[in-house]
Amino acid sequence: MKILVTGGAGFIGSQIAQAYIEKGHQVVVLDNLSSGNRAFVPDNAKFYEMDILDPEIEELMQKEKFDAVNHHAAQISVTGSVRDPLNDAKTNILGTLHLLKKAVESGVAKFIFASTGGAIYGDQERFPADETHSCTPYSPYGIAKYSAEHYVRFFIQNHNLSGTVLRYSNVYGPRQDPDGEAGVVAIFCKRVLEGKALIVYGDGEQTRDFISVRDIVSANEMALSPKCQGIFNIGRGEETTVNSLAKQLSSLSGATAGIEYAEARPGEQQRSCIDPKKFSAAFGWRAQITLEKGLLDTLEYFKTLED
């Protein structure tokens, strides 16, 4: 298959692009490098430095004639969406809509959309939340992703398009940006390796469903199948408090600087955990990387950056 990976210079997208290449697919990466890293783009991938809202998208689609689009380009910061919801909507709603329109016009058969399970369900009524749970997103980021899901559904219903929406829980792992506002694991890893205290916002009892990027990659490999259509949670289905995460990472790294607490951040929900049974039952997928293994992988990655 010939696949366009948007956001393919980013933390998650670049690793999906590499996995697709290793499976024998032809991969084209599109990224505006606002948060991506050119060095992450696989050597065997063709690269376009372009924004998903650029008018040139139409020419690119018509020229390359993709079989599939894997859409990971996004504004990824929840707190950033609270500060500037207009900018978040511009990228995550209008950008996705623009890409969808040009994709169907050029004959793309498969569209995979990276959504959020960690932010889309809002204040959950049950734990873990399955795909039938009501969606009342707490942040503009979650609102935008939910809106984009509806546009994906619209294009599936009205065009000859096979569509897959993957709702990720809290993804972590190698290549995650430790200097951005997203990714508590990456931020913690950098601080412990610098000998600094870990900063926990609020009381630290907020929970997240942490999943390794390696498990996310395997889900995206399966999502290429024409039989994979619909909305699916991709998570471990396990709650971990931020306090527990901080203590476990400190123990694994041998850090001694301790934990410090700061004021809770706006737009952050208290508990989040999603149920992946639907995807597991349909395609035999399940998360393979334990939290301890994933944290060790991430620590080792950040250690190599210091060498």
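Computed from the C-beta positions of Ser251 and Tyr301 and an R0 of 22 Å, the FRET efficiency is 0.75 to the nearest 0.05.
Once Rh for the range 1-103 is found with the Kirkwood sum over Cα pairs, what is the Stokes-Einstein diffusion coefficient at 20 °C and 1.002 mPa s, in µm²/s?
Numbers: Rh = 13.7 Å.
Value of D from the Cα-based Kirkwood radius: 157 µm²/s.
Computed over the range 95-217, the percent of Cα pairs more than 19 Å apart is 59. Three principal axis extents describe the C-alpha atoms of the chain; from largest down they are 55, 46, 39 Å.
Each 10 Å bin from zero up to the one holding the largest Cα-Cα distance in the range 197-307 carries the following percent of pairs: 13, 35, 32, 17, 3, 0. In terms of overall dimensions, the range 155-234 has a Cα radius of gyration and Dmax of 17.0, 55 angstrom.
A Gaussian network model of the chain, with springs between Cα atoms under 10 Å, assigns the largest mean-square fluctuation among Asp179, Asp88, Asp31 to Asp179. Take every Cα pair under 8 Å whose residues are at least 6 apart in sequence, average their separation, divide by the length of the range 214-279, and the relative contact order is 52 percent. For the range 236-250, backbone nitrogen atoms closer than 16 Å to the point 7 Å from Asp203 Cα along Cα-to-C-beta are found at 241-244. Computed from label points 7 Å out along Cα-Cβ, the spacing between Glu239 and Lys90 is 3.8 nm. Listed values for the range 20-31 are Karplus-derived 3J(HN,Hα) couplings in whole Hz (6.51 cos²θ - 1.76 cosθ + 1.60, θ = phi - 60°), namely 4, 4, 5, 8, x, 7, 8, 10, 10, 9, 10, 7, and x replaces Gly and Pro. For the pair Glu56 and Lys2, a Förster radius of 22 Å applied to the C-beta separation gives a FRET efficiency near 0.75, rounded to the nearest 0.05. For Lys247, a cut-off of 13 angstrom between C-alpha atoms picks up these aspartates and glutamates, skipping any fewer than 8 places away in its own chain: Glu205, Glu260, Glu292.
Taking other Cβ atoms within 10 Å as a rough exposure proxy, Thr290, Thr298 sort from fewest to most as Thr290, Thr298. The phi-based Karplus calculation (6.51 cos²θ - 1.76 cosθ + 1.60; θ = phi - 60°) puts the 3J(HN,Hα) values of the range 151-163 at 5, 4, 4, 4, 5, 5, 6, 10, 9, 7, 10, 8, x Hz, whole numbers, x for Gly and Pro. Inter-label distance, Gln157 to Lys101: 1.9 nm, where each label sits 7 Å from its Cα along the C-beta direction. Of the trypsin sites (Lys or Arg not before Pro) found in the range 97-152, the ones in coil according to DSSP and having at most 14 other Cβ atoms within 10 Å of their Cβ are Arg126.
Using equal-weight Cα scatterers in the Debye expression, the normalised intensity of the range 26-159 in log10 at q = 0.17, 0.18 Å⁻¹ is -0.97, -1.06. For the chain, take the longest principal axis of its alpha carbons; what is the angle in degrees between that and the long axis of helix 213-222, to the nearest 10 within 0 to 90? Taking Cα atoms only, the helix is inclined about 20 degrees.
Counting only residues at least eight positions apart within a chain, or on another chain, the lysines with an alpha carbon under 25 Å from that of Lys110 are Lys2, Lys23, Lys46, Lys63, Lys65, Lys90, Lys101, Lys102, Lys145, Lys227, Lys277, Lys278. Note: the range 133-282, Cα convex hull, 125 Å³ per residue.
Return the calculated 222 nm mean residue ellipticity for the chain, to the nearest 500 deg cm²/dmol, obtained by summing -39500 (n - 2.57) across DSSP H runs with n ≥ 4 and dividing by the residue count.
Working: 11 runs with 114 residues, N = 307.
Calculated from helices alone, the mean residue ellipticity at 222 nm is -11000 deg cm²/dmol.
For the chain, modelled as a GNM whose springs connect Cα atoms under 10 angstrom apart, the maximal fluctuation among Pro226, Pro140, Pro276 occurs at Pro226. Annotation note: trypsin sites (Lys or Arg not before Pro) in the range 1-78 located in DSSP loop regions with a Cβ neighbour count of at most 16 within 10 Å are Lys23, Lys65.
The 3J(HN,Hα) values that the Karplus relation (6.51, -1.76, 1.60; θ = phi - 60°) gives for the range 236-248 are, in residue order, 9, x, 10, 8, 10, 6, 5, 4, 5, 4, 4, 5, 5 Hz. Gly and Pro appear as x.
The numbers here are math on the coordinates, done by the rules we state, and not lab data. Only a predicted model underlies this, so the values are computations on that prediction, with no experimental measurement involved. Backbone-built Cβ (ideal geometry, glycine too); neighbour counts: all protein chains shown.
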